[in-house]
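Below you'll find the structure, written out as structure tokens, and then a few comments.
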Amino acid sequence: MSTLLYRPDWEEARDRLTRWWHGEDLGRAMLQIATPREVVVEPIEQMPVPPGVICPNYTARDIDFRVNLARRQAADICYFGEAVPRALPGDLGPNTLALFLGCDGVEMPGTVWFRPCITDTDSFALRYDPDNFYWQVCKRLHEESLKFSSGKWLHQFPDLIEGLDTLAALRGSQQLLVDLLDRPEWVHTCLQQITQLYFRYYDVLYDLIRDEIGGSVFWCWAPGRLGKLQCDISCSISPAMFRDFMMPVLQEMTERTSYSLYHLDGPAATVHLEALLSLPRLGMVQWIPGAGVEPAWHSRYWPMYHDIIEAGKRVMIFLDDVKQLSELKREFAEKSQSFIISVYVHTPAEAQRCIKMMEL
């Protein structure tokens, strides 16, 4: 595949990303720039929302509707810089792995959550269930959408999630925090099992959705097995607990994938950054400040970005305005090639100006 219908210059963008992941300095940050598509390349008729579906972007179970939605998501965007045409038909919500392992999804207007399923730690068994309803839906969504996506766009990994966050979904966050104190060995055992189960599902999905050179997508494209890692419950535990319970999970997961990024979410999670930067194979930190504080481009976070880059990692952030690109470029100058930056602009001309500005 030398091109994609939704991105005719994808081969060139993919080559730049490959070289960037492998450490080559390309003279500027990697830019994932999206604009509304001005010229329709493939007309796709919008299907009506099926009866009873509350959250079409989350756990909607109607296969045809979800595939149609994914197709329109990919087709409505024009991609510039290193943005990859992609859609995520099989993403049933954050922590999809917990659904595969026994949780039930609960839909409400504008949101979704997963009902904990571990009430008895002695009798509940974590296991791979090939017939799990959500797993079957997820696979079928990818299989059906692949019939439409070939040569046009790529599939993004579902938000599987791993480790303590998955166990928190299965057990309940408050109860898990008690378990960390009262049942530490049980927690360690569960985390080991969750990691093994994660890759049972990951490997099947990777074989389904990887591109022809083995590349995969989660928020960005990498030229191999890409893992998005996180531990949002880390905001509620000490650095010592994080090192004890979560670092072995992250160590193994970075060793079993070729490329990795860590989703660092919220100011309280930054106390664990030193530990994260000690992971030899962690490739990138994606910073999300959370609600009620300055956005990711703000200068208050620049010292943290310098620390991440000095540790040999890359930084991924989302901007809400193109003017912030020039501010980041001034501050980081020769370090700007360590960033991958996502931004939405209004016109293709504006996208091209962003690229030129970062190249100067």
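Structure notes:
- Scanning the stretch 303-331 for residues that are in a helix (DSSP H, G or I), in contact with a helix residue (DSSP H, G or I) (Cβ under 9 Å, 6 or more places away or on another chain) and over 19 Å from L277 (Cα atoms) returns L325, S326, E327, L328, K329, E331.
- Complete set of residues in the stretch 76-97 that are outside any strand (DSSP E or B), closer than 19 Å to R66 by Cβ and of a type in the set (A, V, I, L, M, F, W, C): L88, L92, L97
- Sub-6 Å Cβ pairs linking a first residue in the stretch 333-360 that is assigned to a helix (DSSP H, G or I) to a second residue that is surrounded by 13 or more Cβ atoms within 10 Å (Cβ to Cβ) and among the polar types (S, T, N, Q), at least 6 apart or interchain, are P348/T35; A351/T35, ordered by first then second residue.
- Residues in the stretch 265-297 that are assigned to a strand (DSSP E or B) and over 16 Å from A311 (Cα atoms): D265, I288.
- Of all residues in the stretch 309-330, those that are basic (K, R) have Cβ atoms under 8 Å from Cβ atoms of residues that are assigned to a loop (DSSP other than H, G, I, E, B), 6 or more apart or on another chain, in K313/L282; K313/G283; R314/G283; K329/A29.
- Some residue of the stretch 198-216 being surrounded by 21 or more Cβ atoms within 10 Å (Cβ to Cβ) and more than 19 Å from the chain's Cα centre (by Cα): no
- Any hit, the stretch 148-155, residues being in a loop (DSSP other than H, G, I, E, B), of a type in the set (S, T, N, Q) and in contact with a Leu (Cβ under 8 Å, 6 or more places away or on another chain): no
- Filter pass, P94 being crowded, with 24+ Cβ neighbours inside 10 Å and under 21 Å from Q230 (Cβ atoms): no
- Among (1) at pLDDT 95 or above; (2) farther than 30 Å from D321 by Cα; (3) buried (at least 18 other Cβ atoms within 10 Å of the Cβ) - the single one G105 does not satisfy: (1)
- Of the residues V112, V84, the single one that is in contact with a Gly (Cβ under 8 Å, 6 or more places away or on another chain) and either crowded, with 18+ Cβ neighbours inside 10 Å or more than 14 Å from I194 (Cβ to Cβ) (or both) is V112.
- Boolean, T3 is touching a Gly at 6+ places or on another chain (Cβ under 9 Å), loosely packed, with under 15 Cβ neighbours inside 10 Å and not aromatic (F, W, Y): yes
The values are calculated or read from the model by the stated rules, or taken from the named source; none is laboratory data. Quick caveat: nothing in here was measured; it's all calculated off a predicted structure. A quick note on method: Cβ atoms are made from the backbone with ideal geometry, for glycine too, and the neighbour counts reach across all protein chains shown.
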